[in-house]
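S.K.: Handing you this structure, nothing more for now.
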Amino acid sequence: MLVTLTGGAGAGKTTLAAALAAAAGPGGRVRVLHGDDYYYAEPGRGGVWAPDEAGVPRLDVGDPRSVDAGRLADDIDAALGEARVVVVDGLFARTVAPRRPCARLDVFVDLPADLRLARKIERKCVAGGFPLAVLLRNYVGHRRAAHERHVEPLRARCDLVVDGALAPEALAGQVWAAAAARDGQGRVS
């Protein structure tokens, strides 16, 4: 089974992915793939690139065309051969299309924009040392609009919307219950 976790930056997708794997236990045969690992790395190889203030090309991670969908699909297919459940988290996880047929549950992790921004500031600026002024300029100048254009429409295409403000363990329970119902066997792990 494929479980995708889609939602805005800071919504809690990666935290939920970890909670799903933990809830499945050591023998649960769950494999987690992180969408952040599948962005194109070099200009000219793919993706949407634009120069920053200094003229250095930067990948637009807010655009789904910046994800190497072919490489991600290959890794999903390989993981489906090894694990009972593959969890993919990322801004555009709902858009992934594995080549191997499988049961699928698409989850949208919802969180108000102000809380997503606060989490992103905590993670990138406070904990990671990224310049706050740059993060805010990017958010106001581009990321907010990119979210509305590319991420928010995926909500309507998901099977389940969960509240990213809830405890990850509670969310994992909701997702596993929905996955078990979708799987048709009453169990997933």
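S.K.: If I fit a long axis through the Cα atoms of helix 13-24 and take the longest principal axis of the Cα atoms of the chain, what angle between them do I get, 0 to 90°, rounded to 10?
M.R.: It is inclined by approximately 20 degrees.
S.K.: Against the longest principal axis of the chain, how steep is helix 168-183, in degrees 0 to 90 to the nearest 10, with axes from Cα atoms?
M.R.: For helix 168-183, the angle is close to 60 degrees.
S.K.: Moving on to the next point. Give me the net charge of residue 127's neighbourhood, meaning all other residues with Cβ under 15 Å from the Cβ of residue 127; Lys, Arg count +1, Asp, Glu -1. Walk me through the numbers on the way to the answer.
M.R.: Details: positive: 119, 120, 123, 124; negative: 122.
Taking every Cβ under 15 Å from that of residue 127, the sum is +3.
S.K.: Okay, moving on. Which net charge results for the neighbourhood of residue 1, defined as the other residues with beta-carbon distances under 10 angstrom from its beta-carbon, given Lys and Arg at +1 and Asp and Glu at -1? Mind dumping the intermediate values first?
M.R.: Details: positive: 84, 104, 182; negative: 183.
Around residue 1, the surrounding residues sum to +2.
S.K.: Can you give me the Cα centroid spacing of region 134-167 and region 5-39 in angstrom?
M.R.: 17
S.K.: Which value at 222 nm does the chain reach when only helices count, each DSSP H run of 4 or more adding -39,500 (n - 2.57), with the total divided by all residues and rounded to the nearest 500 deg cm²/dmol? Mind showing how you got there, number by number?
M.R.: Details: 5 runs with 57 residues, N = 189.
After summing the helix terms and dividing by residue count, I get -9000 deg cm²/dmol.
S.K.: Residue 163 label point, 7 Å along Cα→Cβ, cut-off 15 Å on backbone N: hits in region 123-146?
M.R.: none
S.K.: Still on this structure, please answer the following. If the only charges are +1 at each Lys and Arg Cβ and -1 at each Asp and Glu Cβ, what is the size of the charge dipole of region 2-183 around the Cα centre, to the nearest 20 debye?
M.R.: 100
S.K.: What nm value, rounded to one decimal, do you get for the distance between residue 134 and residue 77 when each label is placed 7 Å out toward the C-beta?
M.R.: Going from the residue 134 label point to the residue 77 one covers 3.7 nm.
S.K.: Net charge around residue 102, counting only other residues with Cβ within less than 12 Å of its Cβ (Lys, Arg = +1; Asp, Glu = -1)? Kindly include the intermediate steps, with their values, before the conclusion.
M.R.: Values: positive: 84, 99, 100, 104, 182; negative: 77, 183.
Residues close to residue 102 contribute a combined charge of +3.
S.K.: Moving on. Mind pulling the angle between the C-alpha long axis of helix 69-82 and the longest principal axis of the chain? Nearest 10 degrees, somewhere in 0 to 90.
M.R.: 30
Since every read-out is calculated from the coordinates, none of them should be taken as a lab result. Here the structure is a predicted model, which is why all the values come from computation and not from measurement. Cβ atoms come from the backbone with ideal geometry, glycine included; neighbour counts cover every protein chain shown.
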